[in-house]
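Okay, so here's the structure we're looking at.
Derivation of every value follows stated rules applied to the coordinates shown; laboratory data play no part. A quick note: this is a predicted structure, and the numbers were derived from the prediction, not measured. Every residue, glycine among them, receives a Cβ derived from its backbone with ideal geometry; neighbour counts consider all protein chains shown.
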């Protein structure tokens, strides 16, 4: 039996974490999170963190030697070339970690939570793509609230990703998070059983 590898993606602050947490709590499914792998990629002493510090200088580091994410964010969300350079270091690391886990896991169903699934060219790692969407205004408000950003900063982060419309166009399943939590989770239940029934 071939493995079922679900690629869970969507725009920033559309509700991916809510869906992932529900898949863990309700279905006990294992989650591979690209953001956690990306944090490991830049852990203290890692070659990737050294390369970043070499490019941007010591001010990109915190007093303990860790990465100053806020500073890096200010650079990469305002300069496309710099974002491409940083992602060019991190994405291959994340892909390798995913491939290793997928190959070694005895489980039939795995969830890959990858905000940049399309942008990082990782769609070939999964057997189906789930995109979580909501209205543009909801996304903006949620991001401003969650990350304590002003409207312009939030827009810059949203615009740094592939548009939600493009992600929806590439999806096998679209989960609409414009309404209640209950409505979203019902869609998740349906999507999961639909895949099992196929």
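Here the residues 27, 93, ranked from fewest to most Cβ neighbours within 10 Å of their Cβ, fall in the order 27, 93.
With contributions of -39500 (n - 2.57) from each DSSP H run of at least four residues, the per-residue ellipticity at 222 nm computed over the chain stands at -16500 deg cm²/dmol.
Most tightly packed first, judged by the mean number of other beta-carbon atoms within 10 Å of their residues, the peptides 109-122, 180-193 read 109-122, 180-193. As a rough guide to protection, the peptides 7-20, 125-138, 33-46, 65-78 ranked by mean Cβ packing within 10 Å, highest first, stand as 7-20, 125-138, 33-46, 65-78.
State whether the chain is rounded, prolate or oblate according to the following rule on the C-alpha gyration tensor (a ≥ b ≥ c being the square roots of its eigenvalues): a/c under 1.5 gives rounded; otherwise a/b larger than b/c gives prolate, and the remaining case gives oblate. It would help to have the intermediate numbers written out before the result.
Details: a/c = 2.10, a/b = 1.35, b/c = 1.56.
Verdict is oblate for the chain.
Here 105, 50 are placed in order of increasing Cβ neighbour count within 10 Å, fewest first, which gives 50, 105. The distance separating the Cα centre of the stretch 1-38 from that of the stretch 114-180 comes to 14 Å. Taking Cα atoms only, the orientation of helix 16-27 departs from the longest principal axis of the chain by about 50 degrees.
From least to most packed, judged by other beta carbons within 10 angstrom and beginning with the fewest, 91, 79, 148 follow the order 148, 79, 91. Here r is the Cβ-Cβ distance between residue 50 and residue 123 and R0 is 35 Å; the resulting FRET efficiency, rounded to 0.05, is 0.70. Among rounded, prolate and oblate, which fits the stretch 35-97 when a ≥ b ≥ c are the square roots of the eigenvalues of its C-alpha gyration tensor, a/c under 1.5 means rounded, and a/b larger than b/c means prolate? Oblate shape, in that a/c is at least 1.5 and b/c is the bigger or equal ratio. Between 0 and 90 degrees, the angle of helix 80-104 with respect to the longest Cα principal axis of the chain falls at about 50 degrees. Using label points projected 7 Å from each Cα along Cα→Cβ, tell me how many nm separate residue 59 and residue 150, to one decimal. Using points 7 Å along Cα→Cβ, the separation is 2.0 nm. Between residue 193 and residue 103, what is the FRET efficiency for a Förster distance of 35 Å, r being their Cβ-Cβ separation, to the nearest 0.05? Efficiency for this residue pair is about 0.85.
For a test of the definition: using alpha carbon positions, the gyration tensor, and the 1.5 limit on a/c, classify the stretch 1-43 as rounded, prolate or oblate.
Note, shape of the stretch 1-43 comes out oblate.
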